[in-house]
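Peer 1: Below are the structure tokens for one structure; questions will follow.
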Amino acid sequence: MELEDYIPEVEDFYRKKHSGRKLQWHHHMSNGTITFCNRVGRFDLDVTTFQMAVLFAWNQRPSDRITFENLCLATELPDPELRKTLWSLVAFPKLKRQVLLCEPEAKMSKEFNDATSFWINQEFVLIKNGKPQKRGKINLIGRLQLSTERSKEEDNESIVQLRILRTQEAIVKIMKMRKRITNAQLQTELVEILKNMFLPSKKMIKEQIEWLIEHKYMRRDEDNINQFIYMA
């Protein structure tokens, strides 16, 4: 599950409680607490929604290295916000051991490029009175919560379009190889191909399947609507 998967539930709950009102989301002003686990221990981190979105990229792949470019795709954060958020996780001033590590090392967020790779620090630990703690809580929000910088629509739109293109390419690749496949199998293989870039939502997958059917790249089996057939 991604953060966006919970939005319809919250909006539905709000509509039932407040008839005639419109719910507006201000992600740059939101925060929460997540549980962070590594080889050393288990820690509660107070984070902004943006920090949460970045860390969630490792939910299904805790040992992977993820590039800046793929984190941009996975989170849909504009470049300036992503840089600032990543910097808060690789160089938080109050921590002796950071939550994330990166390569090549950078002295400031401007030095990150598309190929810069980030990964979870499995040796992250909180130090108290000079001793490592296997459990604990820390606030990583700092001054990030004071930011009122809004996402640029054109930046978000370009990321969304790139996600759509990558999803379409992956579906066509699977269909060319399999020729015939069930909806469930297609979704499983699609997530496997795209997981190092981003995890497509069910809505996006459905929309791109429909687009490819409409443009004659594939079709549904007439005897089984849950099975797709590749059209050369």
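The values are calculated or read from the model by the stated rules, or taken from the named source; none is laboratory data. For clarity, every value in this text was computed on a predicted model and none was experimentally measured. Cβ: placed from backbone, ideal geometry, glycine included. Neighbour counts: every protein chain shown. The protein model used for the area step is the full one, side chains on, heavy atoms only, and it has no ligands, DNA or RNA in it. Shrake-Rupley method; radii C 1.70, N 1.55, O 1.52, S 1.80 Å.
Peer 1: When you look at R42, is it under 28 Å from K137 (Cα atoms), in contact with a strand residue (DSSP E or B) (Cβ under 9 Å, 6 or more places away or on another chain), of a type in the set (K, R) and modelled with pLDDT of 90 or more, yes or no?
Peer 2: The answer is yes for R42.
Peer 1: Let me ask something else. What is the number of the single condition among (1) farther than 19 Å from A57 by Cβ; (2) surrounded by 15 or more Cβ atoms within 10 Å (Cβ to Cβ) that L199 does not meet?
Peer 2: The number of the failed condition is (1).
Peer 1: Just to verify a result, which residue in segment 119-136, among those that are farther than 18 Å from L100 by Cβ and in contact (Cβ under 8 Å) with a residue 12 or more places away in the chain, is least open to solvent (accessible area, probe 1.4 Å)?
Peer 2: This residue is Q133.
Peer 1: Could you please give the count of residues in segment 90-115 that are in a loop (DSSP other than H, G, I, E, B) and either under 17 Å from R65 (Cα atoms) or open to solvent by less than 30 Å² (accessible area, probe 1.4 Å) (or both)?
Peer 2: The qualifying residues number 11.
Peer 1: Which is open to solvent by less than 50 Å² (accessible area, probe 1.4 Å), more than 22 Å from L165 (Cα to Cα) and not hydrophobic (A, V, I, L, M, F, W, C), of R61, R65?
Peer 2: Checking each option against the conditions leaves just R61.
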